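Let me begin by presenting the structure, written as structure tokens, before commenting on it.
The values are calculated or read from the model by the stated rules, or taken from the named source; none is laboratory data. As the structure is a computational prediction, the values presented were derived from the model and not from experiment. Neighbour counts run over all protein chains shown; Cβ positions are idealised from the backbone, glycine included.
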Amino acid sequence: MRIPIPMSDKRPSPLSFPCHFPIKVIGKNCDHFDALVFSLVSPHAPDLSAGTIVSRPSGRGNYLAVTVTIRAVSREQLDTIYRQLTACDQVIMAL
């Protein structure tokens, strides 16, 4: 069961844009999970390249943590990316 998290509130962002922003995405370790993450993030980060993605399996190899570092230009962009990621059934968590 997914718990909805309010993404947009009226508080100012503590980030200064543009900035490099790492997003960690965790899912089951299956074929092409990193490619799935790339496909979900890339429409919202046009300058994203494959070299900005780092994957690391869990200790037992059951899960995969994928870190994507994007050039974030706004809080709205980050909110949209997190909504896309958390809406995907294969994504367990996005940090």
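Key figures for this structure:
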| item | result |
| --- | --- |
| Residues that are buried (at least 19 other Cβ atoms within 10 Å of the Cβ) and in a loop (DSSP other than H, G, I, E, B), drawn from the range 17-45 | 45 |
| Breaking point among (1) free of Cβ contacts under 8 Å to residues at least 12 places away in the same chain; (2) in contact with a Pro (Cβ under 9 Å, 6 or more places away or on another chain), for residue 69 | (1) |
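Okay, residues lined up against (1) modelled with pLDDT of 95 or more; (2) exposed (fewer than 14 other Cβ atoms within 10 Å of the Cβ); (3) not small (Gly, Ala, Ser); (4) not in a helix (DSSP H, G or I):
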{"site": "47", "(1), (2), (3), (4)": "no, yes, yes, yes"}
{"site": "51", "(1), (2), (3), (4)": "no, yes, no, no"}
{"site": "59", "(1), (2), (3), (4)": "yes, yes, no, yes"}
{"site": "67", "(1), (2), (3), (4)": "yes, no, yes, yes"}
{"site": "70", "(1), (2), (3), (4)": "yes, no, yes, yes"}
{"site": "78", "(1), (2), (3), (4)": "yes, no, yes, no"}
{"site": "82", "(1), (2), (3), (4)": "yes, no, yes, no"}
{"site": "85", "(1), (2), (3), (4)": "yes, no, yes, no"}
{"site": "89", "(1), (2), (3), (4)": "yes, yes, yes, yes"}
